[in-house]
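Peer 1: I have a structure here, written as structure tokens, and I will follow up with some questions on it.
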Protein chains: 2
Amino acid sequence: MPEIDAARVLADLRKLRTFGEYKTGVHRPTFSKEDLAARHWMVGRMQEAGLEARIDGIGSVFGLSQAAGPKLLTGSHLESQNYAGWLDGPLGVVYGLDAARAIGANPAFADCGVDVAAWCDEEGHFGSFLGSRSYLGLLPEEEIDAARNRYDGRPLRDALKEAGLAGVSREQVQPGRYKGYLEAHIEQGDSLESSGLKIGIVTAIVAIWQYRITAVGEQNHAGTTSMKRRRDAGLSVVRLLGEIDRRFPEIAGARSVWTAGRITLEPGAPSIVPGRAEALFQFRDADPATLDRLQAELYRLVEDANRSGPCPITVEILGQSTPALMDEGLQQALEAAASVHAAGLATRMPSGAGHDAQYLARVMPAGMMFVPSIGGISHHWTENTSDEDIVLGARVFCDAVARALRA
Amino acid sequence: MPEIDAARVLADLRKLRTFGEYKTGVHRPTFSKEDLAARHWMVGRMQEAGLEARIDGIGSVFGLSQAAGPKLLTGSHLESQNYAGWLDGPLGVVYGLDAARAIGANPAFADCGVDVAAWCDEEGHFGSFLGSRSYLGLLPEEEIDAARNRYDGRPLRDALKEAGLAGVSREQVQPGRYKGYLEAHIEQGDSLESSGLKIGIVTAIVAIWQYRITAVGEQNHAGTTSMKRRRDAGLSVVRLLGEIDRRFPEIAGARSVWTAGRITLEPGAPSIVPGRAEALFQFRDADPATLDRLQAELYRLVEDANRSGPCPITVEILGQSTPALMDEGLQQALEAAASVHAAGLATRMPSGAGHDAQYLARVMPAGMMFVPSIGGISHHWTENTSDEDIVLGARVFCDAVARALRA
């Protein structure tokens, strides 16, 4: 079987960390100087691996095999969240690259090819999954015209121009080219670590259902407005979130998660009864029936709240994605590979985070594999995975790629 | 008895509304062009009333009687909250001015004097009760040096200089000059209106006890962090505020109020479990025992929360004022006056809002009188009081001033 080069995998990952190094992690936002340098370095590495490499018109890096036979697409992303981890993204790109090298070097796989993609802006500095959506024809020019960096407002068009990508064609998926897409990633949670496991075989990427909860009360003086008379919008939202906190555990799935990530009271002054309050609320699950049940419960709790008052609460749906099921054949390839290199140390699990694979799954069989995150930490510069786990993951990944090519 | 001139009272209040008129209210922040014009106009009105008038070095307007006998100090403030009501402040200044005129015109009170003060910045654009604290010697030069406009950052020193007040002396209370201080104000709540009453005789100005409640959890990915593993600081604060909401009504006083005016989650993103959460919380009451009881309960609920987890919560005291008791003699003067002009329509009540009278009460007997606020609305341009109630209040106020001078 094709064999990865453990030292080369670790060296590539460590080299990528030097682009925008921050403490033990990286600060490499999409189209920053460091990010562009990392993309150009990756083009060179892909070319050294015998792939035809280029950066396309949305910033994704592609390394395409010239082999004539069956091909698999692999990849992940290169940019990071701000001041975040070194492996979130690069791990999957380097695994794909090393699998391409290993398979390219193995005479038994001379007819097979592994393509590698580093999808641009998976981390959403300028938009939502720009690279993979562009590849699938789901990113209209008008959306690019309108997109701006969410932190500094810089237009995406300006960033593309400064990157030398204005007018460059955007890569499009070639129907029938691939047997499937395989992506490796750090888990970003602690399920593997806390169970002493090494490999996660992703069954589905969960859907995210997002809501804006708004209460409209009456802004008033916090000293002169009696408790009986006041209509405190903040209190209405606090009460509703409290009811969700009590009720959701009783009806949620085993892996459901729900989060109120932002609460805003207006005007937000210590001596003013809030006249308006807003909460951003979301839940995630891989099971459509569970998603429906959670939403029905949310609506029921809001109805209850509106019956008891004091302020009317409305719920606006901000997003309702569909769970992306991973291909059973690719799950089996991963399982078979894991049984060789990490026997008894793999488990099937959903992905609570979104990944480019959820878009690729729309047009081809897609699979994902996780390696453990130390302490479950993610989106922070302390994110890490042990060298042993990185290397073990690369072995399982490459083996699964080989199996998928021959399936 | 001295008699106010109803038409003159209404005309003065309507004239004051023209300085910074906004819809049916005013926008007249401290030391704005409109605010300074109002202060200078008031100096002229005081002089016409026979008072020796000037604006002092902190911006307060004083009109001092030259009478030889007993004197009472009256007043309130002229600046407004932003885009707020026309009577909040001016009502008390105009009542004082008309009482000064009425008493000055009454031969039976030839030896008596009524002084009028418009305390600067009661509304706190640059600081906290600057005018009355300056008058009591509680505003050091260093605090003036450091004070800035809370909305635009303009230094108070610059504002004073542009107002022509740099180097002007600050008026100081003259020990023994006054029999007491009497201030009229709109209620800013709906107790009077909802009870069909016309006059509030203030028993005490409530104390405000303010706290910063902080929960420190662990910022994490809202998709990959299981419910069991996460330490959601926002949820900890929501749960605590829910407990306060359940428990405080059982132990609060009849007129206690409590408010969470601001909740902040960090980083405040929809897909990130909040790692830190903060709430600004306050309660108010006129009774020290009730204040102590509410604080003990707050601490007990925080201890409970810290025992059940998941995030440690700390409470920082931001302020603990003392209730300011109003003088019993002045309350009796107001009650006697009300029994003549508004028989059966007066009630004793605490003030839930802070007023300059709480500072004046430190050095002389102080009293306050309320007139009804339509719909209880305050700090909004729709704040209003009917002309009939304004005139009735002026009659009661002037009568009470006369009684207090003769007491």
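The values are calculated or read from the model by the stated rules, or taken from the named source; none is laboratory data. Predicted, not measured: the structure shown is a model, and the values here were computed from it. Virtual Cβ from ideal backbone geometry, glycine too; neighbours counted across all protein chains shown.
Peer 1: Can you name the residue in region B:179-197 that is out of contact with any His (no Cβ under 8 Å at 6 or more places or on another chain) and within 15 Å of B:M368 (Cβ to Cβ) and, of all such residues, is farthest from the other protein chains (Cβ to nearest Cβ)? Before you say what the answer is, go through the steps one by one.
Peer 2: So in region B:179-197, the residues out of contact with any His (no Cβ under 8 Å at 6 or more places or on another chain) come out as B:179-182, B:184, B:186-187, B:190-197.
Then keep just the ones that are within 15 Å of B:M368 (Cβ to Cβ); that gives B:180-182, B:184, B:186-187, B:191-192.
Working: B:G180: 24, B:Y181: 20, B:L182: 20, B:A184: 15, B:I186: 9, B:E187: 7, B:S191: 7, B:L192: 11 Å.
Filtering first and then ranking leaves B:G180.
Peer 1: Residue by residue through region B:214-247, note down the ones that are touching a helix residue (DSSP H, G or I) at 6+ places or on another chain (Cβ under 7 Å) and acidic (D, E).
Peer 2: Listed by number, the residues that qualify are B:E243, B:D245.
Peer 1: For region B:90-122, give me each residue that is among the acidic types (D, E) and either assigned to a helix (DSSP H, G or I) or at pLDDT below 95 (or both). Spell out how you get there, then give the answer.
Peer 2: Step one: of region B:90-122, the residues among the acidic types (D, E) are B:98, B:111, B:115, B:121-122.
The one that is among the acidic types (D, E) and either assigned to a helix (DSSP H, G or I) or at pLDDT below 95 (or both): B:D98.
Peer 1: If you go through region B:327-360 one residue at a time, how many are among the β-branched types (V, I, T) and under 18 Å from B:E193 (Cβ atoms)? Walk me through it before giving the result.
Peer 2: Initially, region B:327-360 is screened for residues among the β-branched types (V, I, T), giving B:340, B:347.
Now drop any that are not under 18 Å from B:E193 (Cβ atoms), which leaves B:347.
Going through region B:327-360 one residue at a time, the tally reaches 1.
Peer 1: Of the residues A:G92, A:G104, A:G127, A:G113, only one is in contact (Cβ under 8 Å) with a residue 60 or more places away in the chain and small (G, A, S); which?
Peer 2: Working: A:G104 fails: in contact (Cβ under 8 Å) with a residue 60 or more places away in the chain; A:G127 fails: in contact (Cβ under 8 Å) with a residue 60 or more places away in the chain; A:G113 fails: in contact (Cβ under 8 Å) with a residue 60 or more places away in the chain.
Going through A:G92, A:G104, A:G127, A:G113 in turn, the sole match is A:G92.
Peer 1: Look at region B:357-376 and say how many of its residues are at pLDDT 95 or above and touching a Lys or Arg at 6+ places or on another chain (Cβ under 9 Å).
Peer 2: Qualifying residue count for the region: 5.
Peer 1: Taking region A:198-229, which residues are more than 12 Å from chain B (Cβ to nearest Cβ), surrounded by fewer than 24 Cβ atoms within 10 Å (Cβ to Cβ) and in contact with a Phe, Trp or Tyr (Cβ under 9 Å, 6 or more places away or on another chain)?
Peer 2: Scanning region A:198-229 gives a single hit, A:I201.
Peer 1: Okay, moving on. Given the residues B:T214, B:T264, B:T259, which is the only one that is of a type in the set (S, T, N, Q) and within 22 Å of the chain's Cα centre (by Cα)?
Peer 2: None of the other options fit; the residue is B:T259.
Peer 1: Got a number for residues in region A:285-296 being out of contact with any Asp or Glu (no Cβ under 8 Å at 6 or more places or on another chain), within 14 Å of chain B (Cβ to nearest Cβ) and part of a helix (DSSP H, G or I)? Lay out the reasoning, then the answer.
Peer 2: Initially, region A:285-296 is screened for residues out of contact with any Asp or Glu (no Cβ under 8 Å at 6 or more places or on another chain), giving A:285-290, A:292-293, A:295-296.
Subset that is within 14 Å of chain B (Cβ to nearest Cβ): A:285-286, A:290.
Keeping just the survivors that are part of a helix (DSSP H, G or I) gives A:290.
Matching residues across region A:285-296 total 1.
Peer 1: Still on this structure, please answer the following. Among the listed residues B:F397, B:F370, identify the single one that is surrounded by 24 or more Cβ atoms within 10 Å (Cβ to Cβ) and either over 14 Å from the mean Cα position of the chain (by Cα) or closer than 19 Å to B:D121 by Cβ (or both).
Peer 2: Working: B:F370 fails: either over 14 Å from the mean Cα position of the chain (by Cα) or closer than 19 Å to B:D121 by Cβ (or both).
Sole residue among the options that is surrounded by 24 or more Cβ atoms within 10 Å (Cβ to Cβ) and either over 14 Å from the mean Cα position of the chain (by Cα) or closer than 19 Å to B:D121 by Cβ (or both): B:F397.
Peer 1: Sticking with this structure for a sec: On the given criteria, is B:D232 within 30 Å of B:G344 (Cα to Cα) and either buried (at least 21 other Cβ atoms within 10 Å of the Cβ) or not assigned by TED's automatic domain parsing to the domain that holds B:A53 (or both)? Working first, answer last.
Peer 2: Values: within 30 Å of B:G344 (Cα to Cα): no; either buried (at least 21 other Cβ atoms within 10 Å of the Cβ) or not assigned by TED's automatic domain parsing to the domain that holds B:A53 (or both): yes.
So B:D232 fails the test.
Peer 1: Of all residues in region B:216-232, how many are assigned to a loop (DSSP other than H, G, I, E, B) and of a type in the set (A, V, I, L, M, F, W, C)? Full working, then the answer.
Peer 2: Residues of region B:216-232 assigned to a loop (DSSP other than H, G, I, E, B): B:217-219, B:222-232.
Restricting the remaining residues to those that are of a type in the set (A, V, I, L, M, F, W, C) gives B:222, B:227.
Final tally of qualifying residues: 2.
Peer 1: Within 27 Å of the chain's Cα centre (by Cα), crowded, with 21+ Cβ neighbours inside 10 Å, within 30 Å of B:S226 (Cβ to Cβ) and β-branched (V, I, T): does that describe B:I313?
Peer 2: Values: within 27 Å of the chain's Cα centre (by Cα): no; crowded, with 21+ Cβ neighbours inside 10 Å: yes; within 30 Å of B:S226 (Cβ to Cβ): yes; β-branched (V, I, T): yes.
No, not satisfied.
Peer 1: Next question, about the same structure. Which ones in region B:233-252 are under 20 Å from A:P310 (Cα atoms), in a helix (DSSP H, G or I) and at the interface with another protein chain (Cβ under 8 Å from one of its Cβ atoms)?
Peer 2: Applying the first criterion (under 20 Å from A:P310 (Cα atoms)) to region B:233-252 yields B:238-250, B:252.
Restricting the remaining residues to those that are in a helix (DSSP H, G or I) gives B:238-250.
B:V238, B:R239, B:L241, B:G242, B:D245, B:P249 - these are the residues of region B:233-252 that are under 20 Å from A:P310 (Cα atoms), in a helix (DSSP H, G or I) and at the interface with another protein chain (Cβ under 8 Å from one of its Cβ atoms).
Peer 1: How many residues, within region A:275-296, are farther than 26 Å from B:T264 by Cα and surrounded by 15 or more Cβ atoms within 10 Å (Cβ to Cβ)? Even if it seems obvious, please write down each step before you answer.
Peer 2: Of all residues in region A:275-296, those farther than 26 Å from B:T264 by Cα come to A:285-293, A:296.
Among the residues that remain, those that are also surrounded by 15 or more Cβ atoms within 10 Å (Cβ to Cβ) are: A:285-287, A:290-291, A:293.
Residues meeting the conditions: 6.
Peer 1: Within region B:319-331, track down each residue that is modelled with pLDDT under 95 and within 14 Å of chain A (Cβ to nearest Cβ). Even if it seems obvious, please write down each step before you answer.
Peer 2: Within region B:319-331, the first condition is being modelled with pLDDT under 95, and the residues that meet it are B:319-322.
Within region B:319-331, B:G319, B:Q320, B:S321 meet the criteria.
Peer 1: Go through region A:332-356 and give me each residue that's more than 14 Å from chain B (Cβ to nearest Cβ) and either surrounded by 20 or more Cβ atoms within 10 Å (Cβ to Cβ) or under 19 Å from A:K71 (Cα atoms) (or both).
Peer 2: Result: A:Q332, A:A333, A:L334, A:A337, A:A338, A:H341, A:A346, A:D356.
Peer 1: To continue, here is another question. Could you please find all residues in region B:253-284 being in contact with a Lys or Arg (Cβ under 6 Å, 6 or more places away or on another chain), touching a residue at least 40 places away in the same chain (Cβ under 8 Å) and either facing chain A (nearest Cβ under 7 Å) or part of a loop (DSSP other than H, G, I, E, B) (or both)? Talk me through it step by step, then tell me what you get.
Peer 2: So the first thing to find is which residues in region B:253-284 are in contact with a Lys or Arg (Cβ under 6 Å, 6 or more places away or on another chain), and the list is B:257, B:265-266, B:268, B:273, B:280.
Filter once more, so that each one left must be touching a residue at least 40 places away in the same chain (Cβ under 8 Å): B:257, B:266, B:273, B:280.
Correct list: B:V257, B:V273, B:L280.
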